[in-house]
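The structure under discussion appears below in the form of structure tokens.
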Amino acid sequence: MRLSRNDRIAILIIAAVLVIVNGILYFRHDNAPTSAKGGEKVVEKQDSVVRRAIKHAPEAVKLHHFDPNTADSATFVQLGLRPNVARAIIHYRAAGGIFRQPSDFARIYTLSDSDFRRLKPYIRIKHQTAAKAESIAQKRESTAVISGQPSEKPHLSLLKKLGHTPININTADSTDLQKIPGVGKYYAAKIVKYRNRLGGFISVKQLSEIRGLPQDIVRHVVIDHEPTTKMLINQLTFGQLLRHPYLNFEQVRAILDYRKNYGSISEFGDLKTYSAFADSDFIKLEPYIDFQAPL
């Protein structure tokens, strides 16, 4: 059937209207606000959270030069340290602790290795402040010297005023030793291990024989009595004798050589012919040797 001219015009008009309507619907769909789509609502919500987090985020850590001998708690917190670490540093100083060089800052047992490495480049220890702290510590110690007592005794009254009980290093366990400023779990275990090998401490100065301990540790410890486990020099094996810190390989070999050739050792004079020993060695060994002969 042949369409009339009017019919053709009507069809064209209808087609044009449909195209226009479809175009409008298409563009409205593509340009719809993100809040109208479920997935994009989530993105919009996350962006909002991020914006709020940025708005309320704490100020960035401010790294700057500092002297650990004089800085206050607020400074340590500003440098990014936790409040409990800042308190530990203040307590360490109050108990007489001194930072003489940047590496000493690592003595704070609550300070993490990462924090120490991060702050080490910013540590500036002024010689006058370290010297002043040392002078104060020495003055405190000197006022504690009582006639008849060794000068290595700490200032016990000062420690008590600061809330610190002096630690008896011959009886303290690992937990007690960690109360000493600058001594953590690792070094407390080293002290106990060295004490067991030694047979007990007869002087607080022997702590200097353990590498890594704070130099001022003697101000916080005491020896109320001197219990020692003595070595039976005529009975112990090579390995048992060598375990003692004051005997080396050559000296132990000399001891066994004398026992093999001459029998029991009755005094240090028996070993003086051996070049492995010096008089200073006998002085160090004297409190730890028992010359009891084998039964």
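The values are calculated or read from the model by the stated rules, or taken from the named source; none is laboratory data. As the structure is a computational prediction, the values presented were derived from the model and not from experiment. Heads up, the Cβs are rebuilt from the backbone with ideal geometry, glycines too, and the neighbour counts pull from every protein chain shown. The protein model used for the area step is the full one, side chains on, heavy atoms only, and it has no ligands, DNA or RNA in it. Shrake-Rupley method; radii C 1.70, N 1.55, O 1.52, S 1.80 Å.
Couple of notes before you dig in:
- Among the residues of region 264-284, those that are without any contact (Cβ under 8 Å) to a residue 12 or more places away in the chain and more than 24 Å from residue 199 (Cα to Cα) comprise 273, 275.
- When region 163-189 is filtered for residues that are charged (D, E, K, R) and under 18 Å from residue 228 (Cα atoms), only 173 remains.
- Verdict on residue 154 being crowded, with 20+ Cβ neighbours inside 10 Å and at pLDDT below 90: yes
- Subset tally (residues that are more than 21 Å from residue 230 (Cβ to Cβ) and open to solvent by 50 Å² or more (accessible area, probe 1.4 Å)) for region 190-215: 4
- Here the condition is being part of a loop (DSSP other than H, G, I, E, B) and modelled with pLDDT of 55 or more; of 200, 148, it holds for 200 alone.
- When region 63-104 is limited to residues that are more than 18 Å from residue 126 (Cα to Cα) and β-branched (Val, Ile, Thr), the one that is least open to solvent (accessible area, probe 1.4 Å) turns out to be 85.
- Residue within region 177-188 that is surrounded by fewer than 14 Cβ atoms within 10 Å (Cβ to Cβ), without any contact (Cβ under 8 Å) to a residue 60 or more places away in the chain and in contact with a helix residue (DSSP H, G or I) (Cβ under 7 Å, 6 or more places away or on another chain) present: no
- The condition (being modelled with pLDDT under 85, part of a helix (DSSP H, G or I), under 20 Å from the mean Cα position of the chain (by Cα) and acidic (Asp, Glu)) is satisfied by just one residue among 115, 47, 104: 104.
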